[in-house]
Amino acid sequence: STQKPARPGFQTNEYADAQLQEIVKKLRERANVYKEKLNDPVISSPEASPPVSPKAPPPPKDEKKDEKKDEKKDGAEAKPEEDHYCDMLCCKFKKPPLKKYMEYMKLPDTIDSYTDRRYVAWLMLVTIAYNWNCWFIPLRYVFPYQTPSNTIYWFAIDVMCDICYLCDLIIFQPRVRFIKGGDIISDRVETEKFYRSTLKFRLDVLSVFPFDILYFFFGFNPALRANRMLKHNTFFEFNDRLEAIMEKAYIYRVIRTTGYLLFILHINACLYYWASDYEGIGSTRWVYDGEGNMYLRCYYWAVRSLITIGGLAEPQTLFEIIFQLLNYFMGVFVFSSLIGQMRDVIGAATAGQNYFRSCVDNTVSYMNTYSIPKLVQNRVRTWYEYTWDSQGMLDESELLEQMPTKMQLAVAIDVNFAIVNKVDLFKGCDTQMIYDMLLRLKSIVYLPGDFVCKKGEIGREMYIIKQGEVQVLGGPDGTKVLVTLRAGAVFGEISLLAAGGGNRRTANVVAHGFANLFILDKKTLNEILVHYPDSEKLLMKKAKVLLKQKGKPAPGPPVPQPRGLASLFGQKQETPKLFKAMLGGKGRDGLAKLLQLKKQQETRETQAEAETKPEEEKRKPVEPTAPSAPPAPKEKPKADDQPAVMQRATSKESLIISMTPSPRAGEGEILKVEIKEKEKK
């Protein structure tokens, strides 16, 4: 497309022009998308669904009225929040308004029986009513505790229990959700249909059936309320829900098992009083004699009989003998089953402790077999004790392995994500990659004084402090505390991405106290990064930056800048270290020494030539090799020739400096310096 020439005196804004071109580009892309949609209607629209058209506005008169009403409502709602204060002991406390309490207590359309605590509280209320009926209906039926003078009180409590039963039948149970084909059904109509089709609904209806109407024909007989004990499903459901939310469920199990035993003894006491009343109070030595508190005396007899303690009076009649035999048989089976259940409850409560003790005993036995030093054995015991006291188990991964991967990830995110997210190395990486990394972290406990890593070791892992402190040691002797790292700190992260398999540790890291660390090794990280190439590139860039920052020398004193005319010339390059070591001196002293040795060598050579000249004339002439003359170009330097260290302040040495061409083409000449000892004549 051709651009129109700009008008004279008209200036274009580059930013606005760029924005307009971008808008035109997007509009063209949008037009292409809609063309494709027209050709292929299966393609979904890239834009969101249009919003629902708003309703027609009401007349203006009604708007003003509605605004006034809304303002009044807002003011009425704002007042309770401002005015709800409670004056106590000359202090003013703000309390939430009643409306919030009502919103919280309002029942939803359906109830999740596993997570809703209000449902558990309601089940507890129904369970109390159920226990009232189970304990007091037999008591009132057998013992003469219900009299015409106190019947009104018994009747009032019975009515309250019946109201609880009816509310549970009509309001709560039809709202409980259920699972069908793996789906949680939360429709109110479906939950009501499901509840009405269960056996629990039939038993609940029978438990509230009003047999109390027969009071008008047979009087206030508590036996007519025996159907109230059919609501046992609610009692067992409450036990399951309460154990699921308790931290130490075994305590409730022990209390519940003890309650079972006491209830059986209560029923046995009621049966004994009924048998005594049938035979006649005080008619024989075996029956109740009518003295003292009738319930306590009968309960004492039931305990001694059901637990088979013995020491009771012998039964006299056939009825008494049969009753006692049945009582003994029932006592043996019931009591033995309750004792077994109590043993299982206590065993389950102490299973973890027993496993811990067995591990410690096996480890100590192994160390004694191989004569491990006592110092090491004490450190092993200390590690076991601290690990068990701090986390309640020896290996957390064993517990998480039983869960699905999604649940393991949810637990790991809540526990470790806040710590790992602080690492600068992983900031900007894919969140899913960090989630996968959380599942691979290993927790290790270090004792006080343990070396987490030592100076000079090859680092292949990163450490994250979960709990405790570690100290970084340095200095000439390696005992100076450079820095103390606490919970949430990270060290060793550069080792994960260092080239060549890892870098060496530059300092010792020691646990100051008991330290719980997370460890992520290099192999595990590489296995994760295979699936996240973008994160791998980002980590590599960050690793290079960190390595450069780590490799920079410490900033020294500033170099003074030359002033005046000296600033026109560059700084003098430092003498190479090889020449410094060869000359044995620095600056002018080394050069003066070199010239002095050269002069001494020349004087010795002239004297030697003068002495040996007559003798050489007599012999066969031999071409002398001048020390300073360069050797033949074809002669290759020997690889074994190494420059000797020059001795200072000696007159028995000669210095030979020569330039030889390099054996390789294009490399120039080689400076050769030799120091030889003068031969003795």
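The values are calculated or read from the model by the stated rules, or taken from the named source; none is laboratory data. Quantities reported herein were computed from a predicted structural model and do not represent experimental measurements. A quick note on method: Cβ atoms are made from the backbone with ideal geometry, for glycine too, and the neighbour counts reach across all protein chains shown. Remember, those area values only see protein heavy atoms, side chains included, never the ligands or the DNA or RNA. Shrake-Rupley method; radii C 1.70, N 1.55, O 1.52, S 1.80 Å.
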Can you tell me how many residues within segment 161-198 are exposed (fewer than 14 other Cβ atoms within 10 Å of the Cβ), in contact (Cβ under 8 Å) with a residue 24 or more places away in the chain and within 18 Å of H232 (Cα to Cα)? 1
Can you pull out every residue in segment 453-491 that is closer than 16 Å to A515 by Cα and assigned to a loop (DSSP other than H, G, I, E, B)? G468, E469, R486, A487, G488, A489
Filter result (within 45 Å of the chain's Cα centre (by Cα), in a helix (DSSP H, G or I) and under 27 Å from Y145 (Cβ atoms)) within segment 203-250: H232, T234, F235
Say we look at segment 281-312 and pick out the residues that are open to solvent by 20 Å² or more (accessible area, probe 1.4 Å) and among the hydroxyl-bearing types (S, T, Y); which of these is nearest to N327 (Cα to Cα)? T308
For segment 356-378, state whether one or more residues are in contact (Cβ under 8 Å) with a residue 24 or more places away in the chain and open to solvent by 50 Å² or more (accessible area, probe 1.4 Å). no
Checking I163, I152, I128 in turn, the sole residue that is of a type in the set (A, V, I, L, M, F, W, C) and under 43 Å from the mean Cα position of the chain (by Cα) turns out to be I128
Look at A566 and say whether it is modelled with pLDDT under 85, in a helix (DSSP H, G or I) and not basic (K, R). yes
In segment 8-51, which residues are modelled with pLDDT of 80 or more and of a type in the set (S, T, N, Q)? Q19, Q21, N32
Determine whether G290 is farther than 28 Å from D344 by Cβ, of a type outside the set (S, T, N, Q) and without any contact (Cβ under 8 Å) to a residue 12 or more places away in the chain. yes
Selection status of I444, open to solvent by 50 Å² or more (accessible area, probe 1.4 Å), touching a Phe, Trp or Tyr at 6+ places or on another chain (Cβ under 9 Å), β-branched (V, I, T) and in contact (Cβ under 8 Å) with a residue 60 or more places away in the chain: yes
